[in-house]
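The values are calculated or read from the model by the stated rules, or taken from the named source; none is laboratory data. What you are looking at is a predicted structure, and each value in this text was computed from that prediction instead of being measured. Note that we place each Cβ from the backbone using ideal geometry, even for glycine, and neighbour counts take in every protein chain shown.
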Amino acid sequence: MVIKFDGLTEVTPHIEPHLLDVLETVSDPEIPVLSVLDLGVIREAVEVDGVVHIKLTPTYSGCPAMDVMSDDLKTAFEKAGKKAIVKLVLAPAWSSDWISEAGKKKMEAYGIAAPLDATADKEALLGEAKVVACTNCGSKNTRLVSQFGSTACKALFQCNDCQEPFDYFKCLT
Amino acid sequence: MKQDTLYQYILGIADNSLILGQRLGELCGHGPTLETDIAITNISLDLIGQTRSYYQYAAGLCDDGRTEDDIAFLRKEREYRNVLLVEQPNTHFGYVMVRQFFFDVFHLLFLKELQQSSDETLVAIANKAVKEVTYHQRFSSDWVKRLGDGTKESHEKIQEAVDDLWRYTEGLFYVTEVESAAVKDGIGVAVSSLKDAYYEHIKSVLTEATLSVPEHSFFQKGGKDGIHTEHMGYLLSDLQYMQRTFPNMNW
């Protein structure tokens, strides 16, 4: 997995392949269909002398899901017979570009519109362009209800055609 | 730079976010509509999250086992360094939005400068926060325009809020000794250099909102030196209640 950082440098998280299976089982408590890998919040996962060291980065500064994710990671590795130490890192700052393609598809299927690129996102959130497609009927005839949604990372939209209210995962790059 | 000066400098930044975060948190469940209620709480959460990063960093600089909670909950009123603007009480929604707008414009300019600091941790926090505050400013500017250019009543109410809160804006650019020292060492932001850009931006939004820009030149002093308005004590008694009543309690 290669992730972009600030559109300039490509930053690949250092994750040891044998740890992937366990990491994949830990999900974002607020969007349970996404694993921590899909979300791109694992910056590093290495095993040293039987202890797994994980570096986790928050999506938003005040994201309350971080403590839960951290506990869930420890529990998941405990079940696999390993001790895990989770450390929170702030730099580089998380970007919605780090969400994997598979993650975006899972998000859409779950009823949350995936983040657009930065320009389209700005237009969408300023109500200048209709670019966010309804997760229910696919229509782009949607409107912004609020720039802030049910969690820090989402905005609230509604479809003008089928009337479905839905969340849009905000672009954060 | 002396550790203590850095510690004080970090608190000066963080206290604004803590106090405004607390003010906005008071509105949880009391917003005029569900969407604005959620938005206000989201902004509060971002600010408190940023505060935690700053306080954790500051606590780590002390060797006395101090934690972020000690810094947030166990200081006396005069030890808080926030500007007067952010401690002003919630009255009506328009007032809350003007207070937010006046702070957001400053906050974003400030964070963009902090991204150039020579202190790596402050840069990391600023890089994260700048993305969040961009949304805050978008939200508050939008409401200032909507209410200013809205009905006769909304226009009157928001104009009143602009006139009332204007006197606290100058305090954002007051430079303390700690800040001067931090600027000298390449760590801090020279806030006085942000002033022109700040007022220019504020004026352009107010004009677009069909609001008039206040002309009176009296500005309330205090805040950054620890001298607060009467509202601060009430806010702190709420904020600190649990830690004062049950010392060292934990979730």
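Which residues, taken from segment A:152-165, are surrounded by fewer than 21 Cβ atoms within 10 Å (Cβ to Cβ) and either facing another protein chain (nearest Cβ under 9 Å) or aliphatic (A, V, I, L, M) (or both)?
Restricting attention to segment A:152-165, the residues satisfying the condition of being surrounded by fewer than 21 Cβ atoms within 10 Å (Cβ to Cβ) are A:156, A:158, A:160-165.
Result: A:Leu156, single match.
Take B:Asn16 and tell me if it is in a helix (DSSP H, G or I) and within 8 Å of chain A (Cβ to nearest Cβ).
Taking the combined requirement at face value, the residue does not satisfy it.
Tell me which residues, restricted to segment B:118-156, are among the hydrophobic types (A, V, I, L, M, F, W, C), at the interface with chain A (Cβ under 7 Å from one of its Cβ atoms) and within 15 Å of the chain's Cα centre (by Cα). Can you show your working first?
In the first step, residues of segment B:118-156 are kept if they are among the hydrophobic types (A, V, I, L, M, F, W, C); the result is B:122-126, B:129-130, B:133, B:139, B:143-144, B:147.
Next, from what is left, pick out any that are at the interface with chain A (Cβ under 7 Å from one of its Cβ atoms): B:124-125, B:129, B:139.
Matches in segment B:118-156: B:Ala129 only.
This table checks each residue for (1) free of Cβ contacts under 8 Å to residues at least 40 places away in the same chain; (2) within 16 Å of A:Pro32 (Cα to Cα); (3) buried (at least 18 other Cβ atoms within 10 Å of the Cβ).
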{"residue": "A:Val46", "(1), (2), (3)": "yes, no, no"}
{"residue": "A:Thr57", "(1), (2), (3)": "yes, no, yes"}
{"residue": "A:Asp67", "(1), (2), (3)": "yes, yes, no"}
{"residue": "A:Leu90", "(1), (2), (3)": "yes, no, yes"}
{"residue": "A:Glu101", "(1), (2), (3)": "yes, no, no"}
{"residue": "A:Ala113", "(1), (2), (3)": "no, yes, yes"}
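Identify, by number, the condition in (1) under 18 Å from the mean Cα position of the chain (by Cα); (2) in a helix (DSSP H, G or I) that A:Ser61 doesn't meet.
The one condition A:Ser61 does not meet is (2).
Scanning for something at pLDDT 95 or above, within 14 Å of chain A (Cβ to nearest Cβ), surrounded by 22 or more Cβ atoms within 10 Å (Cβ to Cβ) and in a helix (DSSP H, G or I), does segment B:73-90 turn up at least one residue?
no
Which of (1) touching a Leu at 6+ places or on another chain (Cβ under 9 Å); (2) in contact (Cβ under 8 Å) with a residue 40 or more places away in the chain; (3) in a loop (DSSP other than H, G, I, E, B) does B:Pro32 not meet, given it meets every other one?
For B:Pro32, the exception is condition (1).
Those residues that are in contact with a Ser or Thr (Cβ under 9 Å, 6 or more places away or on another chain) and more than 18 Å from B:Ser141 (Cα to Cα), I need them from segment B:183-206; list them, please.
Hits for segment B:183-206 are B:Asp185, B:Gly186, B:Ile187, B:Gly188, B:Val189, B:Ala190.
Cβ-Cβ distance below 9 Å, separation of 6 or more or different chains: which pairs start in segment B:105-125 with a residue that is surrounded by 19 or more Cβ atoms within 10 Å (Cβ to Cβ) and end on one that is of a type in the set (S, T, N, Q) and not in a helix (DSSP H, G or I)?
B:Phe106/B:Thr169; B:Leu122/B:Gln115; B:Ile125/A:Ser61
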